[in-house]
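In what follows, a structure is listed as structure tokens, so that the remarks can point back to it.
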Amino acid sequence: MKSHRKELWFNTPTRVAFVNITPQVQECLRESGVREGIVLVNAMHITASVFINDDESGLHHDYGVWLEKLAPHEPIKQYRHNDTGEDNADAHMKRQVMGREVVVAITDGKLDFGPWEQIFYGEFDGRRRKRVLVKIIGE
Ligand code: ZN
């Protein structure tokens with residue numbers, strides 16, 4: 001069995017951002033040489049997500065609006081987590097809703113997606129360097 005590990009780094013210019021990381025994951029898969037197996041992609045921070053959905057700008061706007069309704073950033077003082085001196089309680093909650101990781105099957109050397117599926121990095125407390133882990137296992 002082959003195993004391949006890689007970290008992808010991000011530093012988004014905005015607090016909240018959605019980045020299509022499918023090309024980077026495909027590049028990791030090429031490097032691995034795996035033809036049949038599984039890839040795990042997970043955010044390594046508790047205020048960021050990795051998820052699969054459509055690469056459609058209207059949808060990404062809608063996520064932002066919906067998440068801000070669920071867990072508004074302001075007022076900061078509404079969250080007990082922010083009593084610690086942090087201001088990112090909303091980002092922890094947004095990450096919880098959008099998920100930590102995805103697993104995708106690898107078939108014949110390709111990501112075995114359903115229609116329109118793409119892998120995204122979801123950032124909820126950006127403007128600093130953060131990582132995503134890509135772990136590929138198979139043959
Ligand atoms: Zn925090």
### Task
Being touching a residue at least 60 places away in the same chain (Cβ under 8 Å), under 30 Å from residue 139 (Cβ atoms) and out of contact with any helix residue (DSSP H, G or I) (no Cβ under 7 Å at 6 or more places or on another chain) narrows it down to one of 36, 31, so name that one.
36
### Query
Mind checking which residues of region 115-124 are in contact (Cβ under 8 Å) with a residue 40 or more places away in the chain and open to solvent by 20 Å² or more (accessible area, probe 1.4 Å)?
116, 117, 118
### Query
How many residues are away from the ligand (no atom under 16 Å from the Cβ) and open to solvent by 40 Å² or more (accessible area, probe 1.4 Å) if we restrict to region 5-19?
9
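When you check residue 50 against the structure, is it of a type in the set (Val, Ile, Thr) and either surrounded by fewer than 19 Cβ atoms within 10 Å (Cβ to Cβ) or part of a helix (DSSP H, G or I) (or both), yes or no?
no
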### Summary
Picked from region 93-114 (must be surrounded by 14 or more Cβ atoms within 10 Å (Cβ to Cβ) and in a strand (DSSP E or B)), the residue farthest from the ligand (Cβ to nearest atom) is 106
### Query
In region 64-92, which residues are near the ligand (Cβ under 9 Å from one of its atoms), open to solvent by less than 70 Å² (accessible area, probe 1.4 Å), in a helix (DSSP H, G or I) and not small (Gly, Ala, Ser)?
81, 82, 92
#### Entry: Residue list for region 35-47, filter: buried (at least 19 other Cβ atoms within 10 Å of the Cβ) and away from the ligand (no atom under 16 Å from the Cβ)
37, 39, 41
### Task
Considering every residue within region 21-34, establish whether at least one is touching a strand residue (DSSP E or B) at 6+ places or on another chain (Cβ under 9 Å), assigned to a loop (DSSP other than H, G, I, E, B), open to solvent by 70 Å² or more (accessible area, probe 1.4 Å) and acidic (Asp, Glu).
no
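The values are calculated or read from the model by the stated rules, or taken from the named source; none is laboratory data. Quick caveat, the model's predicted, so the values are computed rather than measured. In this analysis, Cβ positions are derived from the backbone assuming ideal geometry, glycine residues included, and neighbour counts consider all displayed protein chains. Surface areas here come from the heavy atoms of the whole protein model, side chains and all, with no ligands, DNA or RNA. Shrake-Rupley method; radii C 1.70, N 1.55, O 1.52, S 1.80 Å.
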